[in-house]
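*Asks:* Quick one: the structure is below, and I'll ask about it shortly.
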Amino acid sequence: MLVTRRPALPAARSGRPGLPALLGWLVVASIVLIGCGGGTKLTSSSQSSSATSVQSPANSSAALLNTGISQANAKQYQQAETTFRDVLVVSPNNKYAWYNLGLVAQVQNQSSPAVADYSKAISIDPKYTPAMYNKAILLERTDLQSALALYRQITSINPKAATAYLRESFVYDRLHNQSAAKKARAQALALDPSLSTVRSPG
């Protein structure tokens, strides 16, 4: 494995609970990824290198993703976006590049582009829960039912996704379905009692 990835965390424990943990940062590529969304190969069909290039597309994508992450961590968001788009030139269906583009947009409060980028990542991998999670958080502002559907999809893929149950409880609360909110919160806390300190974004 070249590098590992860290999925976005749920909500801040204090202050601004509606934001995912954008500072943990971006998803980076590896030849084999393990975790939320499954273990898959980045470029399963194009591993051969040309006569003019010593890097395979997978290695090139991983290197570019790492560069983009470094730029994003330095708050060089324009440069990071350019780098992640360069990944898509090499690997058009790279869900990690689309996810990272979404995260760069989200951290800059560009909700519509972020939702579109997350949607693209999900279209490539319908079980890619980090993109579902961040998309759902954004949709909570405009479309509670769609956000709820995404959280429920996440928990159907991963029944131990405590933070998705918690966000689900927040949505049910805003929909005035107190019994469903209570049940979802209980499921979240049963899986991760530390979430009891997370407040609803309101």
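The values are calculated or read from the model by the stated rules, or taken from the named source; none is laboratory data. These figures come from a predicted structure and were not determined experimentally. Here the Cβ positions follow ideal geometry from the backbone for every residue, glycine too, while neighbour counts run over all protein chains shown. When the accessible area is computed, the model is the full protein with side chains, heavy atoms only, and any ligands, DNA or RNA have been set aside. Shrake-Rupley method; radii C 1.70, N 1.55, O 1.52, S 1.80 Å.
*Asks:* Accessible area, 1.4 Å probe, largest first: how do V89, V104 sort? Mind showing how you got there, number by number?
*Replies:* Working: V89 115, V104 5 Å².
So the residues, ranked largest to smallest area, are V89, V104.
*Asks:* As a quick test, which of the pairs K75/K182; K120/K183; K75/K160; K120/K160; K95/K182; K95/K160 have an alpha carbon distance above 30 angstrom in this structure? Mind showing how you got there, number by number?
*Replies:* Values: K75/K182 39 Å; K120/K183 32 Å; K75/K160 33 Å; K120/K160 25 Å; K95/K182 34 Å; K95/K160 23 Å.
Table pairs above 30 Å Cα-Cα are K75/K182; K120/K183; K75/K160; K95/K182.
*Asks:* What's the local net charge at S179, with K and R +1, D and E -1, over the other residues with C-beta under 15 Å away?
*Replies:* Numbers: positive: R174, K182, K183, R185; negative: E168, D173.
Its environment carries a net charge of +2.
*Asks:* Sticking with this structure for a sec: Run the numbers for D192 and A180: contour at 0.36 nm per residue of separation, minus the present Cα-Cα distance, in nm.
*Replies:* Numbers: separation 12, 0.36 × 12 = 4.32 nm, distance 1.83 nm.
Additional length available on full extension: 2.5 nm.
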